[in-house]
Structures are given as structure tokens and as C-alpha cells.
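The values are calculated or read from the model by the stated rules, or taken from the named source; none is laboratory data. Just so it is clear, the model here is predicted, and its values are computed rather than measured. Heads up, the Cβs are rebuilt from the backbone with ideal geometry, glycines too, and the neighbour counts pull from every protein chain shown.
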Amino acid sequence: MKNSCPDQRFLVVEARERSGGTWDLFRYPGVRSDSDMYTFGFPFEPWDGTDSVAHGETIRSYINHTIKKHDLDRFIRYQHRLLDASWDSRQKLWTVTIENNDRKEEWTCRFLWLCTGYYDYQRGHQPDIPGLHTFRGPVIHPQHWPETLDYTDKEVVVIGSGATAVTLVPALAEKAKLVTMLQRSPTYVSEVPSQDPWAVRLKKYLPFPIAAWLLRWKGVFYQTLVFKLARRFPQFLRRLLTKPWEQLFGKKFAEKHFNPRYNPWEQRLCVDSDGELAQALKQGRARIVTDQIKTCHESGIETQSAQNIPADIIITATGLKLQLFGAAQITVDGEPIKASEHMVYKGTMLDGVPNCAISLGYTNMSWTLKCDLISRYLCRLLNFMEENSFMVCRPQLGDSEIQPEELIDFNSGYFQRSAHILPKQGNKSPWKLHQSYLHDILQTNFARLDDGTLKFSR
Ligand SMILES: Cc1cc2nc3c(=O)[nH]c(=O)nc-3n(C[C@H](O)[C@H](O)[C@H](O)COP(=O)(O)OP(=O)(O)OC[C@H]3O[C@@H](n4cnc5c(N)ncnc54)[C@H](O)[C@@H]3O)c2cc1C
């Protein structure tokens, strides 16, 4: 906005007292990206770190450095939470209620852009685990990691098999007596080096902007290729992902703990940075149990196959609770907007909702690649409206042949649980999410803005 829309006045409201979002909230040991930072970073401030998989603290510093270098703090109001937003068609304005230190204020704006992420910051997903209340030790959800938790020489059970569990287990195993990863079913886990050898070479021989550009595109092509391979040749990719575990631990072990029932990329792929999980398992500092929980008791967990897992601490790495609009209530002329009753236009606006956009990233590549494209598109859109004196834009679902489909074509627990709160996508452009960076570049950067679906008025 600052560079592309110099004539627009804009303000960012941030509920927390600091920037960083996800990377400020999540503080569990080892927290890191699983995307490569060359695609995850900002294109206007390319990632110059040596790690391609970076720790939470490093990402936080990078975000703060970017804010400072580009003088963005003056646009941000911290500790300002959006509570609700209501559109008035007569005034052609949004009225937003902002909470600032228990004080509520009403402001107006022409355009509302919701970059509130996709999950509830207050609480993570906590499934009903039988007998958990009888456990005597601490029960921790990774979203709210207590700084003071001492797990030195303790027996720790991590319940879950997603990216958080895969990250946490080797990190905890550095100090704990034994870490057990207790998973109901396996996930695909792929070892990746935390340093990209290409990054070291390219940065050595080429000017930094060129090296950064090449690394970003290398990342895009690699992520696209893996996703396409997974969708076209799932058995081939399954073999590729399970083979290293077979070589390390034998066929039976790999089959039981690392060969999921679903095909690759029907859920997000987990990354084992530098094979840290494999090493912790190999050295006996960690182990995996694939089983259902029968009940927790005061000193551990009993599984359905009558295995007793002793525990001093239980970590429920059971995922996020999806949430849209940062829990704010959105209304249009007094009518509450239920996202699930709307379809997404170009992955960012909702049919029938005027002057409003959401930034939701990719699920099959770096989230931020898509957020960047959305930002470019919205800047183009705002400039177009300014040039043509349009006050309102609103995507209109006129074609009755457009069929609604689930927004995310994943079978992960948290998407399945939350399908009812997510908007739908359509089966055709511009309502379809192609989950393809190359396709989306054309659609957002070059396609006509007045395409007949997005209606403008003065
Ligand atoms: C542990 C973890 C690791 C991840 N790793 C990766 C990865 O490697 N690669 C990847 O692509 N994705 C990853 N993700 C997904 C990740 O959330 C996104 O990539 C990215 O950080 C999201 O950025 P965002 O700005 O869209 O949302 P967030 O980081 O969630 O930021 C949303 C911001 O909006 C603020 N906010 C929310 N509601 C309100 C409100 N009502 N009023 C005011 N402010 C509000 C929040 O305080 C927050 O600062 C990870 C997620 C988690 C939880």
C-alpha cells in the first residue's frame, strides 16, 4: 500500500501489543517454519538469512527488521482489536468498532481488508481426551507454552502427528528423559536440510537481489512440482516419502509410523529439518507410538492396545481452531455475514460483500506467496477505483452454473472440523482456487479488473 497506493490513506489495527502474528504467539521449543524462507519471506525485503528453514525467533526479528527498515510502524496501531464492522450502502462506508485497552471507538473506512489469519488466537483445538482431567502433571497446548516449564529429565508425551509434534519432539528430546510422540495415525514426514546449498552458492557468486529472485523462483517451482507429482502420481510420491524411513528403521516400523492412509498432499506435508526427528528416534531419546488413547490416568496414558505410557508432562499438539475475520462480526446493511454462505472471488473477496477483502494464503505452498499476490491485486483494484471515481466494488455471483465446492481440498482434521465456517469456492474461474502460483500471477497481476463479475458503482 505504501509504495503502490501513495494516494490512499490506510491504517493497520493489530490486536496484540507487538507485530509478528503467528511468530509472536507460538513460543514452544524449536518452533520454526516448514516452508523455505525464500518463498515465505517478503518479495520487497528478500530473506537474507543463512537458514532456509528458520526458527520462530529469527522470523520475528526479520518481521521487526522489515517494519523498521520500511518505516511501517507509523501505519500500525497496536493493542487495537477489531470487534465488528458494518457496511452501510447509503453512506458507502464501513463503520468499525475498535477496542483499545477496554475503550471502544467507532471509526469509518471505505475499504476493509482482513489480514487476521485463519485461527483462533485465544485457544487451540482441544479434543475430548478421555481421563485427561485425572492426569496429575501439567497438560500444555503448544499455542500457550509456559516460559517456565521445566522438562529436564522428564518423561514427556506429545499427542499428535502434525507439524507441531514433528517439530516439538526432537526439540524436547534434547533435555527430556524420553519423549513419546503418541499419534492416532501417521503423517508424511520428509527430511529437508535447514540450509539450502544453492543459496550459499548463488549468494556467493551473484548480486544479492538476483540470487534472492532465483531462490524464490526455485522454491516456487520445487513446491509446485512436488504438489503436482503428489496429485498425478500419488503412489510414486508415497514411495519416495516412506523409503528413507524404511532405510533407517526397517519396513515394519516405516509402515506403521510413517505410511499414512491418505495420499501425499491430501494433508500438509511435515518437514523434519536436518533429520532431527530421525536422529532423536535413532538415539532412543524419542519414540513413536501409533495407537488410540483408551484413557489418561494420574501418571500417564493407557492405549487401546493396553500399552501404558508413563508421563510427567502431556503436550496436546492437537492443532488449531480455525477462525475467520479475527472473530469480528461483519454485517452488510444490518445482515450478518456468514462466510460459509458465500463464495470467494479470486480467493480474496466474498460474493455480495462490498469493499471487503480477506488475505488467506496457500495451503500447498508458502502461505505468504498468495498473500503477496492478493496485496498486489488489491492495490491495483484500489488505484483503478480511484482513477475511475468508483466508490464501491462488489463481486456478484450471476452465473447459476457455478457450483460450490469446499474451499480447501484437504482432508486434515482441522479443515474437516471447520468446513462449516469457511467460505466456498466455485468450480470455475474467477471463483475457483487453483492453488497454483503461476496461474494466480496471471489472474491477479494482469487480468482485467472490470471483468463483469466484479461490479463497480460511483
Ligand atoms: C506454528 C506454525 C507454523 C507455521 N509455519 C508455516 C510455514 O512454514 N509456512 C507457511 O506457509 N505457513 C505456516 N504457518 C501458517 C502461518 O500462520 C502463516 O504462514 C502466516 O504466518 C500467517 O500470516 P498472517 O499474517 O496471514 O496471519 P497471522 O500470522 O495469524 O497474523 C494475524 C494477525 O492478525 C491479528 N488479529 C487477529 N484478529 C484480529 C482482530 N480482530 N483485530 C486486530 N487484529 C487481529 C493477530 O493478532 C495477528 O497479529 C504456520 C502456522 C503455525 C501456527
Expected single match for part of a strand (DSSP E or B) and either without any contact (Cβ under 8 Å) to a residue 24 or more places away in the chain or of a type in the set (S, T, N, Q) (or both) among Gln425, Gln443, Gln435 is Gln425
What are the residues in region 30-43 that are among the hydrophobic types (A, V, I, L, M, F, W, C) and either near the ligand (Cβ under 10 Å from one of its atoms) or at pLDDT below 95 (or both), if any? Val31, Met37, Phe40
Restricting attention to region 366-409, which residues are of a type outside the set (A, V, I, L, M), in contact with a helix residue (DSSP H, G or I) (Cβ under 8 Å, 6 or more places away or on another chain) and either away from the ligand (no atom under 16 Å from the Cβ) or part of a helix (DSSP H, G or I) (or both)? Trp367, Thr368, Lys370, Arg376, Tyr377, Arg380, Phe390, Cys393, Glu406
Quickly run through region 410-422 and pick out the residues that are out of contact with any strand residue (DSSP E or B) (no Cβ under 8 Å at 6 or more places or on another chain) and in a helix (DSSP H, G or I). Gly413, Gln416, Ala419, His420
Could you say whether any residue in region 122-130 is free of Cβ contacts under 8 Å to residues at least 40 places away in the same chain and more than 16 Å from the ligand (Cβ to nearest atom)? yes
For the structure I just gave you, tell me whether Arg231 is within 24 Å of the chain's Cα centre (by Cα) and under 27 Å from Lys154 (Cβ atoms). no
Pair list, Cβ under 9 Å, 6 or more apart: region 371-394 residue among the aromatic types (Phe, Trp, Tyr), other residue in a helix (DSSP H, G or I) and at pLDDT 95 or above: Phe390/Phe384
Selection over region 302-340 where residues are more than 16 Å from the ligand (Cβ to nearest atom) and either farther than 28 Å from Pro395 by Cβ or in contact with a Gly (Cβ under 8 Å, 6 or more places away or on another chain) (or both) yields a count of 14
Give me the residue from region 252-283 that is of a type in the set (Lys, Arg) and not in a helix (DSSP H, G or I) and, out of that set, farthest from the ligand (Cβ to nearest atom). Arg261
Selection from region 288-301 of residues that are of a type in the set (Ser, Thr, Tyr) and either within 16 Å of the ligand (Cβ to nearest atom) or assigned to a loop (DSSP other than H, G, I, E, B) (or both): Ser299
How many residues does region 207-233 hold that are under 16 Å from Ser52 (Cα atoms), surrounded by fewer than 16 Cβ atoms within 10 Å (Cβ to Cβ) and of a type in the set (Lys, Arg)? 0
Counting only residues that are within 30 Å of Asn101 (Cβ to Cβ) and within 11 Å of the ligand (Cβ to nearest atom), how many does region 44-59 have? 2
Would you check if there is a residue in region 140-148 being in a helix (DSSP H, G or I) and in contact with a helix residue (DSSP H, G or I) (Cβ under 8 Å, 6 or more places away or on another chain)? yes
Mind telling me which of the residues Phe26, Phe42 ends up being within 16 Å of the chain's Cα centre (by Cα) and surrounded by fewer than 17 Cβ atoms within 10 Å (Cβ to Cβ)? Phe42
Against the condition within 13 Å of the ligand (Cβ to nearest atom) and in contact with a Phe, Trp or Tyr (Cβ under 6 Å, 6 or more places away or on another chain), how does Arg81 come out, does it pass? no
So, of the residues in region 12-29 that are part of a loop (DSSP other than H, G, I, E, B) and aromatic (Phe, Trp, Tyr), which turns out to be farthest from the ligand (Cβ to nearest atom)? Tyr28
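Residues checked against (1) surrounded by 13 or more Cβ atoms within 10 Å (Cβ to Cβ); (2) in contact with a strand residue (DSSP E or B) (Cβ under 8 Å, 6 or more places away or on another chain); (3) closer than 30 Å to Thr368 by Cβ:
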position: Gln79; (1), (2), (3): yes, yes, yes
position: Lys92; (1), (2), (3): yes, yes, no
position: Asn100; (1), (2), (3): yes, yes, yes
position: Arg103; (1), (2), (3): no, no, no
position: Cys109; (1), (2), (3): yes, yes, yes
